[in-house]
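> Take a look at the following structure, please.
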Amino acid sequence: LQAPASMEAFWMPFTANRQFKARPRLLASAQGMYYRDVEGRQILDGAAGLWCCNAGHARERIVGAIQQQAATLDFAPTFQMGSPLPFVLAERLAEIAPPGLQHVFFTNSGSEAVDSAMKIALAYHRARGEGQRTKFIGREKAYHGVGFGGMSIGGLPNNRKWFGPLLAGVDHLRHTLDLQRNAFTPGLPKHGVELAEDLERLIALHDASTIAAVFVEPISGSAGVVLPPEGYLQRLREICDRHGILLVFDEVITGFGRVGKAFAAQRFGVTPDLMTTAKGLTNGSVPMGAVFVADAVHETFMHGPPGAIEFFHGYTYSGHPLACAAALATLDTYAEEQLFERAIELAGHWERAIQSLKGAPNVIDLRNFGLIGAIELAPREGAPGARGYEVFERAFHEGDLLVRVTGDTIALSPPLIIEPAQIERIVNVLGETIRKVE
Ligand code: PMP
């Protein structure tokens, strides 16, 4: 399959990629740990596509389930009827979800999961007679997708600046990144829990009784893989509890095994009230997202005062049969191959590999946790992002390696089926590339 010769003649179908005037690199097929591009080159996937394919690509069981489902029941309308599949999937997800988060609402993407979580939070407070709770708190540098809600609570300046005014009543916590730079210390940062107190500052500023929910990524991905300082998430939980504010974890990236448990909530021992997921839910195969909902929140909807459930929300494709079939086969694959446990087993090896880049030119920080990693490079003077982008580009073209880049940080999230030799290869290619890039 080749793209039309004059690709520029078409509005870029998936991303406004003007920033670097680069044509997208086109991929033709994928299997296991590898992509093949349209020129036939085999490319090692150090990014699980886009933090999605935790079980590797084109897994037979998932492919078979999608094919079979397409031939059996291709679509079921969502309102007033449906198929049994979303119920079966919700029950399976409850088995791996943190205790107390046993209810699921299905969407088609992470962005939709975030916007749905915002609406669920608002409806929950209204149902409890606290309709004045309409504000949201996000974090600087956070990414919560591209819907108007997620964009408003997100904190990446470039993602927001052309689209204002955004949602009113949103404020942002200070980020924890600066504390961690130059640490070169594997594991979670030991200092920084006091940054959670920033939430008290915002609460005092806005009045606790007007705030609906606080959104955080347990590990922020697009900010450059920023790890939470020890105790940070616990502290946010305590503060939210004290003020009756819902805590939402955006686990679109961290969900489904990347940190060695099904969800980061379990790894960090903090249970949010709502949890947004997508990506690894179907191993990237069919678009799907999900909001996990706490029992107490769900209870308010089901048995709250009259009017509590009279709000409308739902997508034509919520719980789509193909997505459900793909997700069920994905969960089977994760369980059968014990891939979440594998992320823990390989984490030591992964850490040594990443940390071996200490001392490479321009490397100012290295971060790793589970099977997630980041190599942060010093920005070129006057051209932030250019050095990171060049490493990304050259790793792809000269090293046959796919990674992600965000600013000057190379972000790594390989499929959890990765072999130790492939971990070595990722780090060797990146080490060589970083040494070549001025
Ligand atoms: N939240 C987080 C933390 C994400 O990383 C992403 C996507 N990278 C999203 C939400 C949005 O997901 P989607 O692109 O599927 O809408």
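The values are calculated or read from the model by the stated rules, or taken from the named source; none is laboratory data. Quick caveat: nothing in here was measured; it's all calculated off a predicted structure. We place every Cβ from the backbone using ideal geometry, glycine too, and count neighbours over all the protein chains shown.
> Checking the structure you have, find out if any residue of region 111-120 is in contact with a Lys or Arg (Cβ under 7 Å, 6 or more places away or on another chain), outside any loop (DSSP other than H, G, I, E, B), modelled with pLDDT of 95 or more and in the same structural domain as M275 (by TED's automatic domain parsing).
Of region 111-120, the ones in contact with a Lys or Arg (Cβ under 7 Å, 6 or more places away or on another chain) are none.
No - not one qualifying residue is present in region 111-120.
> Which fully enclosed strands (runs of 3 or more DSSP E) of region 31-107 have 2 or more residues being closer than 27 Å to A264 by Cβ?
Working: elements: 34-37, 42-45, 103-107.
Of the strands (runs of 3 or more DSSP E) lying wholly inside region 31-107, those with at least 2 residues that are closer than 27 Å to A264 by Cβ span 42-45, 103-107.
> Just one of the numbered conditions (1) closer than 19 Å to V405 by Cβ; (2) touching a strand residue (DSSP E or B) at 6+ places or on another chain (Cβ under 7 Å) is not true of Q355; which one?
It fails just one condition, (1).
> Output the residues belonging to region 136-150 that are surrounded by fewer than 21 Cβ atoms within 10 Å (Cβ to Cβ) and more than 11 Å from the ligand (Cβ to nearest atom).
If the condition is that a residue be surrounded by fewer than 21 Cβ atoms within 10 Å (Cβ to Cβ) and more than 11 Å from the ligand (Cβ to nearest atom), then E140, F148 are the ones that fit.
> Give the residue, chosen from P379, P414, P384, that is surrounded by fewer than 18 Cβ atoms within 10 Å (Cβ to Cβ) and either in contact with a helix residue (DSSP H, G or I) (Cβ under 7 Å, 6 or more places away or on another chain) or under 30 Å from E39 (Cβ atoms) (or both). So that I can check it myself, show each step before the final result.
Values: P414 fails: surrounded by fewer than 18 Cβ atoms within 10 Å (Cβ to Cβ); P384 fails: either in contact with a helix residue (DSSP H, G or I) (Cβ under 7 Å, 6 or more places away or on another chain) or under 30 Å from E39 (Cβ atoms) (or both).
Matching residue, one of P379, P414, P384: P379.
> Looking at V170, V193, which is the one that is in contact (Cβ under 8 Å) with a residue 12 or more places away in the chain and in contact with a Ser or Thr (Cβ under 6 Å, 6 or more places away or on another chain)?
Working: V193 fails: in contact with a Ser or Thr (Cβ under 6 Å, 6 or more places away or on another chain).
Exactly one of V170, V193 is in contact (Cβ under 8 Å) with a residue 12 or more places away in the chain and in contact with a Ser or Thr (Cβ under 6 Å, 6 or more places away or on another chain), namely V170.
> Tally time: how many residues in region 323-353 are buried (at least 22 other Cβ atoms within 10 Å of the Cβ) and over 21 Å from the mean Cα position of the chain (by Cα)?
2
> Let me ask something additional. If G187 passes every condition in (1) touching a strand residue (DSSP E or B) at 6+ places or on another chain (Cβ under 9 Å); (2) surrounded by fewer than 17 Cβ atoms within 10 Å (Cβ to Cβ); (3) modelled with pLDDT of 90 or more but one, which one does it miss?
Among (1) touching a strand residue (DSSP E or B) at 6+ places or on another chain (Cβ under 9 Å); (2) surrounded by fewer than 17 Cβ atoms within 10 Å (Cβ to Cβ); (3) modelled with pLDDT of 90 or more, G187 violates only (3).
> If we keep just the residues of region 210-248 that are closer than 14 Å to E200 by Cα and part of a loop (DSSP other than H, G, I, E, B), which is nearest to the ligand (Cβ to nearest atom)?
I245
Here is a yes/no grid of residues against (1) at pLDDT below 95; (2) loosely packed, with under 11 Cβ neighbours inside 10 Å; (3) in contact with a Pro (Cβ under 8 Å, 6 or more places away or on another chain):
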residue	(1), (2), (3)
G64	no, no, no
Q67	no, no, no
G82	yes, no, no
L89	no, no, no
E95	no, yes, no
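> Continuing with the same structure: Report those strands (runs of 3 or more DSSP E) wholly inside region 366-438 carrying at least 3 residues which are hydrophobic (A, V, I, L, M, F, W, C).
Strands (runs of 3 or more DSSP E) meeting the threshold: 372-377, 409-412.
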